[in-house]
Structures are given as C-alpha cells and as structure tokens.
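What follows is a short report on a single structure.
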There are 2 protein chains.
Amino acid sequence: MRFWGATLARNLSAALEIYADILRRPHLPDDQIDAVKALAFQELQSIEDEPKQKVLIELRRRHYPAPLGQDRRGNREGIESLSIDSIRSHYRQLFQPRGSILSVAGNIDWKKLRDQVARLFGDWKGDPEPTLTLGPLLTPHDHIEKDTTQTQIGIAYPTVPIGHEDYHAAQGAVNVLSGGMSARLFTEVREKRGLCYAVWASYQTFKDRASVVCYAGSTNERAQETLDVTLQELKRLQEGIELEEVDRVKAGLKSSLIMQEESTSARAGTLASDWYYLGRVRGIDEIQSAIDSLTPQGITEHLHRYPPQDFTIVTLGPKPLRMN
Amino acid sequence: MRFWGATLARNLSAALEIYADILRRPHLPDDQIDAVKALAFQELQSIEDEPKQKVLIELRRRHYPAPLGQDRRGNREGIESLSIDSIRSHYRQLFQPRGSILSVAGNIDWKKLRDQVARLFGDWKGDPEPTLTLGPLLTPHDHIEKDTTQTQIGIAYPTVPIGHEDYHAAQGAVNVLSGGMSARLFTEVREKRGLCYAVWASYQTFKDRASVVCYAGSTNERAQETLDVTLQELKRLQEGIELEEVDRVKAGLKSSLIMQEESTSARAGTLASDWYYLGRVRGIDEIQSAIDSLTPQGITEHLHRYPPQDFTIVTLGPKPLRMN
C-alpha cells in the first residue's frame, strides 16, 4: 500500500502530521461502510466494460500465484463479506511499522524532519511482517469470450527481478521490444503489417520474481496473426540484437533517467522503491554506468540464460485463438 | 497539430534540424498508405470497446459545431477515401508558417537558438491561415444503446474561454465541482451516495468558446439517479459557494501552478498555449494574483452571468435516461 503526496516545502511538517493520523489513528467509521462497498462494486463492475484492462487483469491473475496476481479491486465475494470489523482487524494486522518506508524528496531541513518523524512514528509498535503464502499457479492459457469489436491479447513471461545481476540486461531486452517507435513490436506488428494500433511490452517486478508483460489489441479478423507475429518477435529476441538497437535503448533509458532526476515527486518514489526492493538507494552514477555498459552481446547472453518462454497468454474477444 | 519533444539541452540543435525536416520536407511515402489506413481503422474501431471514451467523443461531437467537435480519429468514410494525393494536398494547404508557434524551455543559448530557427524556418512561406467555417449544432440530447455493464454519462455546458475577464472565476467554479476529494461532485455523487466510482468535471477551451465537460459512470440501475444528482449539483452552483471551498480551490490551483513551474516540459507547453490562445505569455505573478483574488462572491457573480445551463447530454448503456 502506498500513500503519496506533493506539497510546498513549507507545508511538509503539517502534511506529515496528517499522514501520521491516517496511518496510526484512522477513523474507519461504521456508517461509511455501505457507501464504500457500493463504490468497490462499481469499480469492479466497470472493468467488464473495459476489455483492455480486463485482459491484463486476467493475465496477471494467471501468471502469478495468488496473492501476487490478485487485482487490487478484489472480487464480488470479498467485497460482499466486508464488515467494519474485518476492516479494523485488517488494519491492526497489516498497518505496522515493520516493512514501512518513508521517503521525502525536496527542499527539506533534515534535522527537523528526522525529529518530527521520530516524534510521530518513534513509538509505533507492531507485530513482525506477516509471511506470504503463495497459492498454486492457474492454467497459463485462457480465452475470455466477449462480444467485442476488437480482440485483446495479453502475454507474460518470466524474467529476472530488480537487484538481479542480469536486471539491466533484462531492461535492455524489453526496450529492444518496446521503447518507442523504432522498437521491434511497434515496427513489426504495427508499422510493417498494420496489425494493431496499440502494442507494447513492459517490465514488471516483485522482490523475488519479475515478468515481461505484452499487450496487443487487434481486429477480430487479424487477431490470430497479431498473436503469432508478437510471439515470434518475443522468441526471435535471443537470435541476436543490433548495435543500433542497443544504442537507441541506451539513449532512451538515459533520457528518462535524466528527466526523472528533474522531478522531485519521481525522486521520492525512487527512494522508496529502491529501499523496498533493494534495501538501499542507488545513486544516479550507478544506474548510468549500468546503462552505459549494455551491449548487444551482453543482452543476447542474458536472453540465452533467460529466454522468453513459458508464456502465459490470455485473450478476450468473440473467438478463441490458437495459442502456440 | 502539435509536435513535441524533450531532450538533453546539448541535443536541442540536432533535434530542431529533425523537426524542420518533419515539418517542411516530410517524406509522405506512397507505399505506407495502406498500413496507415489499416492503423487508423483499428484505432477508430477500438473506441467501440471503450464506452467511457465513446461517450465523451459523442458528447463533444454534439456539443461543438463541426469541425470543433470532431474527434481526431476521424470516421470510416474519411479514412477510406484517404489517398497519398489527398494527404500531400492537405500537407501543402495546412502546414504553413502562419499560425505556427515554436516554444522552447530549458537551458538554452538564446542567440544560437534564434539564429538556428531563422536558418531553418526563416524562408518558410505559405498562404494565409485558412478560415474556419463552422457547421450546424446537432441535437443536444442523445442516448447510444449498448449492452454494457455500466451506463456512461457525459454532460457539457458552455462557459467563458481563456482570456475572458471571467476566466479565473470559471476555473474556480469548475474546481469547486471537481478538484479533489472534497469537491462537490466527488462528495455528493460518489462519497455520500455511492452512485458511481468515477465522476469529474473539467474545463476545456478553444480560442472563442469554452465548456465544462462532466463525466460519470454508474451501474445501469443507479444511472438515472446519478444523472439527476449530477445535474442538480451543476445547477446548485450558482446558489452560492462557501469560503472554505474557495480556499481549497485556491490552494489546489496554486499548488499545481508551482508543480508545473518545476517541469521544463510543462513550461514549454504553457509558453506555446499562452501564445496560441492569448497572443502573449503570462507571467507566474499574473496567474498567482488572479488565483489570490478569487472569492466566493466573485465566483457566484460569474455564475449568475454564465449559469450552468444549455446542457448537452449523451448517455451510453442498455437503457435511455430521462434527460431533464
């Protein structure tokens, strides 16, 4: 769970007081539960009219063991069974100092901030972090029948998580696939063949596992070809990568690193996520030199160690597709 | 049409050379037209599976006279009739120096930039800007029947455009409706009644006219109540506004002004849009003092001059709603 805010530097202290209240002394009032449940149902239901979102939610649910693959919107039974008591007990069990991370970026007075945080959170006590029990994996191929104009395609396959020595090579590989208008999926699936308007791949990480998630939406007539060409591009990755592609990827990664550096909000986010995933904060130089050291050979060798395979595939549309 | 880029300061000169090529010497190759048309169809078709987008597109098409209300994705007939000749002739007719604006923000060398722009664009010649002939207004109430899980609701009504002396009061009024979790639509439609998960209002301006556009998506059962309550909140605006509401709005507007100031990309965008809409660039102080001078009385007086009325309403779902 993530609480986030951006405010003027002079309001930081007042904002922290409020966040301490939210985290440590939430009201959780009884008389709002019906409205909250109605809203949760509404949000859950709205996904049924959003096939793009739906296919990615179902992809995730099949690709990761529960609870990792669960969607934050929950399900009907879960929402129906909510009571103020179950919410309060959830709060007591999971809102704990252990595992909590506070990150602040901007024009701060360190000593003042540290003293305030000590005052607000120093006496926060709680149980150890609960351990996570993972459920079984569901079947990796599925089709959701729906009378839509387009067929939605979601593909996921495992790769290395952040912190792994191959992490930057894995990022490089994803960006060869999908990182602008010269990337392979865009060129091969969209530009050359006109198969679909939207096609992309992105890297998603947990602490101990990570995936590449791909999306394509196509006409029902051309959906099979879109799936075939997309899978073919994923498999073709390990056959080799051009220097030109890696140069483009490096320029892209370095640009976004620099843009991110200029945003105080992004910096606060990176501080927290580095701490969460790695237990330390990476410096810009470290990331920059990892990007600089990307080579076609390095990325190809990574892809031989961790080839795109074991695909989870979920499609949504009027007709099922052949999945291999 | 807007071309946009963000790059390192040292790459500005090379990037400008490329933009000059794009604008003044585009390839427009014959052999890509089929793929481009296929993509345009795909994009057009994908809207049919996105009821939220669909209702807002249809709202706009009914609220503004053509071509102002036309969606950028065009329509089937228009895409079918595209040829490389019609594209080239469109290019010759509309890619003209008159009315073009170039804005650059960041760590620039002014003299060098000015000389390069003079070299790249100084001899660009063209016809005067074409004048716009507006079409007739369509009927303002419409329902699109579709077998969806939720009913989508779009409402638009006219207000004053940017540059009008009431502009900031109009912004203030929209933000009383929809500018965070204490705003009226969020509180009344979502939080108190749990009628819908998503509800918002936003301000949209052209040079000579502007609107407030509202969106709500609800279950089919509660859609009528959602529309009724939303319209009621719009009409209730002119009955008066609390000081507390205006204080919140002012804080919100000033925060986003400051956040925007920190983003070089946002600054480049504001420079261009100010020049486009106003023919001059506003200073931060000017905007800040306009926000500071907002009062409940000032906003209410504006709402008496320009009350929310003449609603365009478009709904999408299995059943039509009563629209007044």
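The numbered conditions (1) in contact with a Ser or Thr (Cβ under 7 Å, 6 or more places away or on another chain); (2) closer than 29 Å to residue B:1 by Cα; (3) of a type outside the set (Lys, Arg) are all true for residue B:246 except (2). Listed residues B:230, B:205; which is open to solvent by less than 10 Å² (accessible area, probe 1.4 Å), modelled with pLDDT of 95 or more and β-branched (Val, Ile, Thr)? Among B:230, B:205, only B:230 is open to solvent by less than 10 Å² (accessible area, probe 1.4 Å), modelled with pLDDT of 95 or more and β-branched (Val, Ile, Thr). Applying the selection to region A:174-201, what residues are among the aliphatic types (A, V, I, L, M), in a helix (DSSP H, G or I) and closer than 24 Å to residue B:5 by Cα? Selection gives A:174, A:176, A:177, A:185. Hey, could you check region A:6-28 for residues that are within 14 Å of another protein chain (Cβ to nearest Cβ) and touching a residue at least 12 places away in the same chain (Cβ under 8 Å) and say which is farthest from residue B:223 (Cα to Cα)? Among them, the one singled out is A:9. Here region B:2-18 is the region considered, the condition is being open to solvent by 60 Å² or more (accessible area, probe 1.4 Å) and in contact with a Leu (Cβ under 8 Å, 6 or more places away or on another chain), and the residue that is modelled with the highest pLDDT is B:17. Scanning region B:92-124 for residues that are touching a residue at least 60 places away in the same chain (Cβ under 8 Å), more than 23 Å from residue B:277 (Cα to Cα) and not hydrophobic (A, V, I, L, M, F, W, C) returns B:107, B:112, B:116.
Limited to region A:38-73, what total is found for residues that are more than 26 Å from residue B:190 (Cα to Cα), among the hydrophobic types (A, V, I, L, M, F, W, C) and out of contact with any strand residue (DSSP E or B) (no Cβ under 7 Å at 6 or more places or on another chain)? Total meeting the criteria: 2. No other residue among A:159, A:139 is at pLDDT below 95 and away from chain B (no Cβ under 14 Å) apart from A:139. Of all residues in region A:23-60, which are open to solvent by 60 Å² or more (accessible area, probe 1.4 Å), modelled with pLDDT of 95 or more and not charged (D, E, K, R)? If the condition is that a residue be open to solvent by 60 Å² or more (accessible area, probe 1.4 Å), modelled with pLDDT of 95 or more and not charged (D, E, K, R), then A:53 is the only one that fits. Scan region B:202-233 for residues that are part of a strand (DSSP E or B), within 14 Å of chain A (Cβ to nearest Cβ) and among the hydrophobic types (A, V, I, L, M, F, W, C) and jot them down. Selection gives B:216 alone.
Out of curiosity, is residue B:34 more than 10 Å from chain A (Cβ to nearest Cβ), closer than 17 Å to residue B:88 by Cβ, of a type in the set (Asp, Glu) and free of Cβ contacts under 8 Å to residues at least 24 places away in the same chain?
Taking the combined requirement at face value, the residue does not satisfy it.
Based on this model, can you work out whether residue A:236 counts as in a helix (DSSP H, G or I) and within 14 Å of chain B (Cβ to nearest Cβ)?
no
The set of residues from region B:48-77 being over 24 Å from residue A:46 (Cβ atoms) and of a type in the set (S, T, N, Q) comprises B:70, B:75. Scan region B:188-201 and give yes if some residue there is touching a Pro at 6+ places or on another chain (Cβ under 7 Å) and either surrounded by 16 or more Cβ atoms within 10 Å (Cβ to Cβ) or farther than 22 Å from residue B:255 by Cβ (or both), otherwise no. No, that holds for no residue.
Does residue A:157 satisfy being touching an Asp or Glu at 6+ places or on another chain (Cβ under 8 Å), open to solvent by 30 Å² or more (accessible area, probe 1.4 Å), on the phi < 0 side of the Ramachandran plot and in a strand (DSSP E or B)? The answer is no for residue A:157. For the condition in contact with a Lys or Arg (Cβ under 8 Å, 6 or more places away or on another chain) and either open to solvent by 50 Å² or more (accessible area, probe 1.4 Å) or within 14 Å of chain B (Cβ to nearest Cβ) (or both), residue A:93 does not qualify. Quick check, is residue A:291 hydrophobic (A, V, I, L, M, F, W, C) and in contact (Cβ under 8 Å) with a residue 24 or more places away in the chain? Answer is yes for this residue. Being among the aromatic types (Phe, Trp, Tyr) and within 14 Å of another protein chain (Cβ to nearest Cβ), is that true of even one residue in region A:118-135? No, region A:118-135 has no match at all. Residue B:151 meets the stated requirement of being touching a residue at least 60 places away in the same chain (Cβ under 8 Å) and either closer than 30 Å to residue B:19 by Cα or of a type outside the set (Gly, Ala, Ser) (or both). Just so you know, in region A:83-96 the residues that are in a loop (DSSP other than H, G, I, E, B) and modelled with pLDDT under 95 include one that is farthest from residue A:30 (Cα to Cα), and it is A:96. Check whether at least one residue in region A:218-226 is within 23 Å of residue A:295 (Cβ to Cβ) and not acidic (Asp, Glu), and report yes or no. No; the residues of region A:218-226 include none that is within 23 Å of residue A:295 (Cβ to Cβ) and not acidic (Asp, Glu). Looking only at region B:162-172, which residues are assigned to a helix (DSSP H, G or I) and either open to solvent by 10 Å² or more (accessible area, probe 1.4 Å) or within 14 Å of chain A (Cβ to nearest Cβ) (or both)? Within region B:162-172, B:167, B:168, B:169, B:171 qualify. Residues in region A:261-299 that are under 17 Å from residue A:101 (Cβ atoms), assigned to a helix (DSSP H, G or I) and more than 14 Å from every other protein chain (Cβ to nearest Cβ): A:269, A:270, A:271, A:272, A:273, A:274, A:275, A:276, A:277, A:278. Among the residues making up region A:97-120, those that are surrounded by 12 or more Cβ atoms within 10 Å (Cβ to Cβ), in a helix (DSSP H, G or I) and of a type in the set (A, V, I, L, M, F, W, C) are A:113, A:117, A:120. The residues of region B:105-150 that are touching an Asp or Glu at 6+ places or on another chain (Cβ under 9 Å) and more than 29 Å from residue B:263 (Cβ to Cβ), listed by number, are B:140, B:142, B:144, B:146, B:147, B:148, B:149, B:150.
Where residues in region B:43-73 are outside any helix (DSSP H, G or I) and facing chain A (nearest Cβ under 10 Å), which of them is nearest to residue B:314 (Cα to Cα)?
B:50
Among all residues of region B:173-183, there is none that is out of contact with any helix residue (DSSP H, G or I) (no Cβ under 9 Å at 6 or more places or on another chain) and either within 16 Å of residue B:59 (Cα to Cα) or surrounded by fewer than 19 Cβ atoms within 10 Å (Cβ to Cβ) (or both).
Here residue A:303 passes the criteria (1) in contact with a Leu (Cβ under 7 Å, 6 or more places away or on another chain); (2) under 20 Å from residue A:161 (Cβ atoms); (3) within 14 Å of chain B (Cβ to nearest Cβ) except the one numbered (3).
The values are calculated or read from the model by the stated rules, or taken from the named source; none is laboratory data. Owing to the predicted nature of the structure, the values given are computational and were not obtained by experimental measurement. Using ideal geometry, Cβ is built from the backbone for each residue, glycine included, and neighbour counts are taken over all protein chains shown. Calculation scope for accessible area: heavy atoms of the full protein, side chains included, ligands and nucleic acids excluded. Shrake-Rupley method; radii C 1.70, N 1.55, O 1.52, S 1.80 Å.
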